[in-house]
Amino acid sequence: MADREIDEEKRTTLRRFAALGAASPLAGLGASGSAEAAETTSDARDAIVGYVASTPGAHFSKIRDDLSLGTGETQHHLRRLVDDDTLVFQRDGDYKRFFPAGRFSAFERTALGYLRRRTPRGMLVELLRTPGRTGSELADHLDVSRATVSGYVSELDEAGLLSRDGAYAVERPETVITLVIRYADSFGPEAVELAAEADSLLQYDP
């Protein structure tokens, strides 16, 4: 009974995200075998498409875990979706981050990758809200060490997301704010709070 409940919960999750992914003309390709196996394959693949569409920049483990898929199953479907040009990926250290094909520029993919990481996201959100924060102020606000902030400042600067000429400021802030607002629910409470301030922040011009 417990296994049946787990299977049904997984099926419900897959179908919820599959409804988002089914609009892709390539979603569901490659299903084969029995009708039940084909349906499961289609649901899983469409669910991945839908999940990545609503959570762009998610990495492999998050996709696998949030959709309750197996490791091999996730690898197989992601490989097919990349080969079919439905999804693309961008490397981020040890991670592969996945995006809908043709939707984001290189800058947007990089920004989304950092927004998926808790401390860089906190830094970017705080600097969008209050440009000119110092490293010490960011460290205090995020409850992390000054060294942690300094390391991420260097990364964000090198990635083209942060300017540190005099005071810290987010590069192309309107683009980053738009990404935060569009996918706020997938980023967490601080992004949702920032989205609520959208009207004033979209006028922001550092």
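The values are calculated or read from the model by the stated rules, or taken from the named source; none is laboratory data. Note that this is a predicted model, so its numbers are computed, not measured. Backbone-built Cβ (ideal geometry, glycine too); neighbour counts: all protein chains shown. Heads up: the accessible areas ignore ligands, DNA and RNA and are worked out on the full protein's heavy atoms, side chains in. Shrake-Rupley method; radii C 1.70, N 1.55, O 1.52, S 1.80 Å.
Using a simple spin-label model with points 7 Å from Cα along the Cα→Cβ vector, what separation in nm is obtained for Ser186 and His141?
Here the answer is 2.4 nm between the modelled labels.
Students often check this: by mean Cβ neighbours within 10 Å, which of 166-172, 76-82 ranks highest, and how do the rest follow?
Answer by packing, highest mean first, reads 76-82, 166-172.
At 1.4 Å probe radius, can you tell me the per residue accessible area of segment 52-206 in Å²?
48 Å²
Highest mean first, what order results for 139-150, 54-65 on Cβ atoms within 10 Å?
By packing density, highest mean first, the sequence is 54-65, 139-150.
Amide H of Leu87: which non-local residues (sequence gap of 5 or more, or other chain) have their own amide H closer than 5 Å, using H built in the peptide plane?
Amide H to amide H, under 5 Å and 5 or more residues apart or across chains, Leu87 pairs with Val82, Ala101.
Report the residues of segment 52-67 in range of a label on Ala159: point 7 Å along Cα→C-beta, backbone N strictly under 13 Å from it.
Of the residues in segment 52-67, 57-59 have backbone N under 13 Å from the label point off Ala159.
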